[in-house]
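Data first, discussion second: the structure below is written as structure tokens.
The values are calculated or read from the model by the stated rules, or taken from the named source; none is laboratory data. Computed from a prediction, not measured in an experiment: that's the story for all the values here. Neighbour counts run over all protein chains shown; Cβ positions are idealised from the backbone, glycine included.
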Amino acid sequence: MAAPKLAGIVPFFRARCPRCGKGDVFLNKVMSFKKFSDTHEECAKCGLKFEPETGFFVGAMYWTYALLVGLSVVMSVLLYKMDLFDEAVYIIPALIIFLLPWVFRTGRLLMLYVVYPAMYKKLFFGSTEEEDYS
């Protein structure tokens, strides 16, 4: 049997399991602002544990920070080009607050799709016959 592969870009945007692309990662919808970050313990379809070790999702804050810095830079340039740079002090923080649930979840998904397969290969892909004999 072939080793599982990454699910792809569509399951990423639909917040599905990075291994099978079918199971939901999050317990609630993004618009449930109180519990938008709650994740399932494992995929209901393939059994992949979403948190391979305690504190795994702490690394998501770096992804979230990078996304918010990128958003701030892009918005600053756009507002400057539109001659609205003076209002950027109000527009950018309001946009960040509005987009925070989506950005936060995207940071967690990036941890699952990028970091998990790179750092926890045996947990993510399973062991192959070659690994079992060595």
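Annotations
- Lone qualifier among VAL58, VAL103, VAL89 - being under 20 Å from PHE13 (Cα atoms) and of a type in the set (Val, Ile, Thr): VAL103
- Leading residue by the ranking (surrounded by the most Cβ atoms within 10 Å (Cβ to Cβ)) among those in the stretch 89-128 that are among the hydroxyl-bearing types (Ser, Thr, Tyr) and part of a helix (DSSP H, G or I): TYR116
- ASP83, sole failed condition from (1) assigned to a loop (DSSP other than H, G, I, E, B); (2) within 26 Å of VAL115 (Cα to Cα): (2)
- Of the residues making up the stretch 109-127, those that are under 14 Å from MET61 (Cβ atoms) and at pLDDT below 90 number 1.
- Residues being closer than 20 Å to TYR116 by Cβ and either loosely packed, with under 14 Cβ neighbours inside 10 Å or modelled with pLDDT of 90 or more (or both) - total across the stretch 27-41: 3
- For the stretch 95-115, the set of residues classified as farther than 20 Å from LYS35 by Cβ and within 11 Å of the chain's Cα centre (by Cα) consists of LEU110, TYR113, VAL114, VAL115, listed by residue number.
- Residue in the stretch 45-53 that is more than 17 Å from the chain's Cα centre (by Cα), farther than 25 Å from LYS122 by Cα and surrounded by fewer than 12 Cβ atoms within 10 Å (Cβ to Cβ) present: no
- Criterion violated by MET82 - all others in (1) surrounded by 12 or more Cβ atoms within 10 Å (Cβ to Cβ); (2) among the aliphatic types (A, V, I, L, M); (3) without any contact (Cβ under 8 Å) to a residue 24 or more places away in the chain satisfied: (1)
- Breaking point among (1) more than 13 Å from TYR113 (Cα to Cα); (2) surrounded by 13 or more Cβ atoms within 10 Å (Cβ to Cβ); (3) touching a residue at least 40 places away in the same chain (Cβ under 8 Å); (4) not charged (D, E, K, R), for GLY23: (3)
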